[in-house]
Each structure stands twice: as structure tokens, then as C-alpha cells.
1. Which of Gln85, Gln32, Gln13 moves the most in a Gaussian network model of the chain with Cα springs under 10 Å?
2. Please give the contour-minus-distance gain from Asp71 to Leu30: 0.36 nm per residue of separation, less the Cα-Cα distance, rounded to one decimal in nm.
3. Assign unit charges at the C-beta atoms only (+1 for Lys and Arg, -1 for Asp and Glu), then state the dipole size of the chain relative to its Cα centre in Debye, rounded to the nearest 20.
4. Pop out the carbon and sulfur fraction of the accessible area of the chain as a percent, whole number, probe 1.4 Å.
5. If Lys and Arg each add +1 and Asp and Glu each add -1, what is the summed charge of the other residues whose beta carbon sits under 12 Å from the beta carbon of Ser94?
6. Show which aspartates and glutamates lie in cross-link reach of Lys140 when reach means a straight Cα distance below 15 angstrom and same-chain residues fewer than eight apart are skipped.
7. Tell me the label-point distance for the pair Phe54, Glu39, using the 7 Å Cα-to-Cβ offset, in nm and rounded to one decimal.
8. Hey, what did the chain get for relative contact order, percent, Cα under 8 Å, at least 6 apart?
Amino acid sequence: QQFTIPAGIGVFQVHHFYLKNIATRYEQLLEQHGKTDEEITGIVTAQALLTGVFGDANLNFIDQVSLRVYDETNPNDYIEIAYRQPVPLEPGNSLALIPSLADFKRFLTNPRFAMDVVFWLRNSTGQETDLQLDLQLKAKY
């Protein structure tokens with residue numbers, strides 16, 4: 001998923017970037033791997049990575065990141081699936097997030113889900129930054 005952090009946002013607020021209407025492809029992946037829903041005991045994050053789209057982003061303005069999954073019908077019910085606290089002082093163009101051990105299968109069995117990328121900043125953003133969020137998930141069975 002791609003999103004943009006605008007220029008000029010400040011350090012005194014927590015910033016939420018909502019990525020909505022993401023297809024899960026859960027049924028398709030079950031069929032592809034010859035599994036049933038009952039066989040899958042849980043789904044966890046294997047890897048999460050934030051990267052500048054054009055290769056020139058400097059993510060040193062980020063202090064903390066939390067990646068949360070939720071159902072659009074109830075945004076208050078979420079699970080943190082990856083985080084980084086604190087972010088290294090000079091992360092460059094790419095920032096690996098630490099996967100949590102939380103099982104979030106209940107969100108991925110639906111056809112669509114949503115994510116909230118939450119940032120706490122150490123500096124105001126000087127320019128607009130286009131980011132790509134790459135996420136690899138792992139099913140337990």
C-alpha cells in the first residue's frame with residue numbers, strides 16, 4: 001500500500017494515516033494452498049517495511065511507528081501488528097518495523113480490512129514524503 005506524509009505536520013500531535021478497503025484474498029490463498037479456514041489457527045506478521053517510493057526519502061523525522069489492523073465498521077477495535085520504538089536517528093530511505101506476536105486472523109477472514117499507520121514525530125516534516133508499506137504475513141496451521 002502507498003500513502004503520502006504531507007509537508008509541515010508537527011511534533012505535538014500523533015498522526016494517523018488510514019489505509020482502507022484493502023482486499024485480503026483470504027479465500028483465494030486458502031484454495032491456492034489447499035487449506036481450510038478451520039486448519040488456520042492464526043495469522044501473524046512475518047515482516048513489515050516502510051520505504052520511500054522514489055528512493056530519496058529521509059525518514060529521520062519519525063520517532064515511533066505503530067501499524068494497526070482493524071475492521072472499517074469498528075475502528076476502535078484494532079490490533080497492533082508491527083511497531084518501531086524508537087526509530088533509529090538516521091534510518092535513511094527504509095524503515096523495518098518489528099512484527100508483533102498478535103494473532104489478527106479475525107480481521108483477515110473478511111473480504112476487506114483496513115490499517116492505521118500511526119506516527120509520532122521527532123521533527124516537523126520539511127517536505128511531502130511518498131511511502132510504500134510492504135507487509136508479509138504468516139499463517140499458523
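The values are calculated or read from the model by the stated rules, or taken from the named source; none is laboratory data. Not measured: the values here are computed from a predicted model. We place every Cβ from the backbone using ideal geometry, glycine too, and count neighbours over all the protein chains shown. Side chains included, ligands, DNA and RNA excluded: accessible areas come from the protein's heavy atoms. Shrake-Rupley method; radii C 1.70, N 1.55, O 1.52, S 1.80 Å.
1. Of Gln85, Gln32, Gln13, the most mobile in the Gaussian network model is Gln32.
2. Numbers: separation 41, 0.36 × 41 = 14.76 nm, distance 2.05 nm.
This chain segment gains 12.7 nm when fully extended.
3. Values: 11 positive and 17 negative charges, 30 e Å.
Roughly 140 debye, rounded to the nearest 20.
4. That fraction is 47 percent.
5. On the way: positive: Arg84; negative: Asp56, Glu90, Asp134.
Neighbourhood net charge equals -2.
6. By straight Cα distance, Lys140 reaches Asp37, Glu38, Glu39, Asp103.
7. Computed distance between label sites Phe54 and Glu39 equals 4.6 nm.
8. Values: 324 pairs, mean separation 64.3, N = 141.
After rounding, I find 46 percent.
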